[in-house]
Amino acid sequence: MSLSNLNDEEKNVLLQLSYFDLPGDLTGLTVKEIWEEAMRTPNNGGEASRIKLEEYFTSDRYENTKLAEVKLQGYQNNNPTMGGESESGFVGYAWGDKTGNAAAVYRGSEDFKNWDHFKTDWVSNGSAGIGNEIQQQKEADQFYQQFVQSATGEKIVFGHSKGGNLASYVFVNHLEDNVRGYVVNGAPIFWPALTPEQQEAVRGGKFDFIVYEGDVVHDLGFAPYVDKIVEINKVDYDDAFYPHYETSVDFVNGSFEKVKSGSAHIRSEMNTEIIKLIVVYGINDIREDYKLAVALGNVALMVIHTTWKGKVAEAKLVIDGFVAYFKGLEYATAKAVNDVVSFFNLVKEVAKRLLVGRVVSAYAGGFATEPYLKVDIQRLAYYAQRLETIKRKTSALNSRIDGLYWEAGLFGIDNVLKADILTSFNGRINQNIVYLNKAAQLLERTERSLVSKARSIH
């Protein structure tokens, strides 16, 4: 009963592992053996997951884990650089245990700064979001049929982010198999296209849809079936999508550390606007326009990123470019255009609220204290000065890149955005400078106070 009784932390391990590429056919290896093989490849899977998984597999928690009996039954990687059966970007892991239970775990979208991932994962996200059947969904279904459907025990599908959309797609199309689903921060499946039976199933007890507090990806669709809301482990972070990552939460005895019922989930205004755009105002014709489908989802992500960075003009430019393109479509009524603008304004507001809440929470906590310190205060000042120099150079480069937003068209702006993200270090640099200067000031003040007290005692 290993796979059917996994706790939240064990499921999280499988979701994180799904982002690691494997060097070849490793069928029959255990979860830990798969991890050890994946670790042989440098930079595989991302640094945050490498740290988390290394800590897990070397901890006492793994000694009694149900994952110890789980073995790999199948693996498919159709990324352009991996020599798969296609270049769709689909990646799936199939796991099985001794009692006949089987599970398919689907990888989500990968780093959109990498062109190979952008043209596969991210280009199809918008299309899936408005109900088109995409190649990755078809391959996820084939993967399930090949490795899971014939299992004699329980059948389960897992997914994070876009992988959650794939898991949801497989789940609703195989209800007759009595399949179970487990999705974290999933890109929602297109709700209006589901039958009443399918809608009831994703709201039922065999399908878990879990959201990490602050995640925006699940709000770029309509998901009226949230089961749990999990509090993330940081209040101060410099990545707008940090709450989306699997590594952003903690566990106690295998369960989420801080969780509340999904009934407390307040659906974002973005949900309502998306349904209005797609259904009420006739933008269901969007299915015949692939470029528009791609732009809808990706422009929303660009708006979140630029707003988070404080680039108001750039966010406006991205929105204006999309609106200008949309106005040229024959079915774009004046009211539909206004609602497109309203939707993207809501996206900006959500990004702003998240940023303000993060900053307030971070500074309300004050500074942590340590029992013992041995610090060269002069070196702190020296490091702060060096970071100031780096900051000036980075700011100059960022300014030059920012100017390119005005020259790029709507469908060329993703290249500018990728360059912008690669050089967006100023927020973290500035945080480090502030920290170093503040630490130096506090240490000097404490040192003076201690010297004064010592002299008075002497």
**Item:** Verdict on TYR182 being in a strand (DSSP E or B) and assigned by TED's automatic domain parsing to the domain that holds SER88
**Value:** yes
**Which listed residue, of GLU197, GLU176, is surrounded by fewer than 24 Cβ atoms within 10 Å (Cβ to Cβ), in the same structural domain as GLN16 (by TED's automatic domain parsing) and in contact with a Leu (Cβ under 8 Å, 6 or more places away or on another chain)** = GLU197
**Prompt:** Is it true that some residue in the stretch 185-196 is more than 15 Å from the chain's Cα centre (by Cα), at pLDDT below 90, outside any loop (DSSP other than H, G, I, E, B) and of a type outside the set (Gly, Ala, Ser)?
**Reply:** yes
**Prompt:** Do the conditions hold for GLY24, that is, is it surrounded by 15 or more Cβ atoms within 10 Å (Cβ to Cβ) and either assigned to a helix (DSSP H, G or I) or at pLDDT below 95 (or both)?
**Reply:** no
**Item:** Selection from the stretch 231-253 of residues that are of a type outside the set (Lys, Arg), farther than 18 Å from PHE209 by Cα and part of a loop (DSSP other than H, G, I, E, B)
**Value:** ASN233, VAL235, ASP236, TYR237, ASP238, ASP239, ALA240, PHE241, ASN253
**Item:** Residue list for the stretch 152-175, restricted to those being of a type in the set (A, V, I, L, M, F, W, C) and touching a residue at least 40 places away in the same chain (Cβ under 8 Å)
**Value:** ILE156, VAL157, PHE158, LEU166, ALA167, VAL170
**Message:** Checking the condition of a type in the set (A, V, I, L, M) and modelled with pLDDT of 70 or more, which residue from VAL340, VAL360 passes?
**Reply:** VAL340
**Criterion violated by TYR93 - all others in (1) assigned to a loop (DSSP other than H, G, I, E, B); (2) under 24 Å from GLU154 (Cβ atoms) satisfied** = (1)
**Prompt:** Residues of the stretch 8-21 being within 11 Å of VAL105 (Cα to Cα) and not in a helix (DSSP H, G or I), which ones?
**Reply:** SER18, TYR19
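So that you can scan it fast, the table gives a plain yes or no per residue for (1) crowded, with 24+ Cβ neighbours inside 10 Å; (2) touching a helix residue (DSSP H, G or I) at 6+ places or on another chain (Cβ under 9 Å); (3) farther than 19 Å from ASP227 by Cα; (4) in the same structural domain as GLY96 (by TED's automatic domain parsing):
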{"position": "TYR144", "(1), (2), (3), (4)": "yes, yes, yes, yes"}
{"position": "HIS160", "(1), (2), (3), (4)": "yes, yes, no, yes"}
{"position": "ALA167", "(1), (2), (3), (4)": "yes, yes, no, yes"}
{"position": "PHE171", "(1), (2), (3), (4)": "yes, yes, no, yes"}
{"position": "ILE189", "(1), (2), (3), (4)": "yes, yes, no, yes"}
{"position": "PRO192", "(1), (2), (3), (4)": "no, yes, yes, yes"}
{"position": "ALA201", "(1), (2), (3), (4)": "no, yes, no, yes"}
{"position": "GLY204", "(1), (2), (3), (4)": "no, no, no, yes"}
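The values are calculated or read from the model by the stated rules, or taken from the named source; none is laboratory data. What you see is a predicted model, and the numbers here were worked out from it, not measured in a lab. Methodologically, a virtual Cβ is constructed for each residue, glycine included, from the backbone with ideal geometry; neighbour enumeration extends over all protein chains shown.
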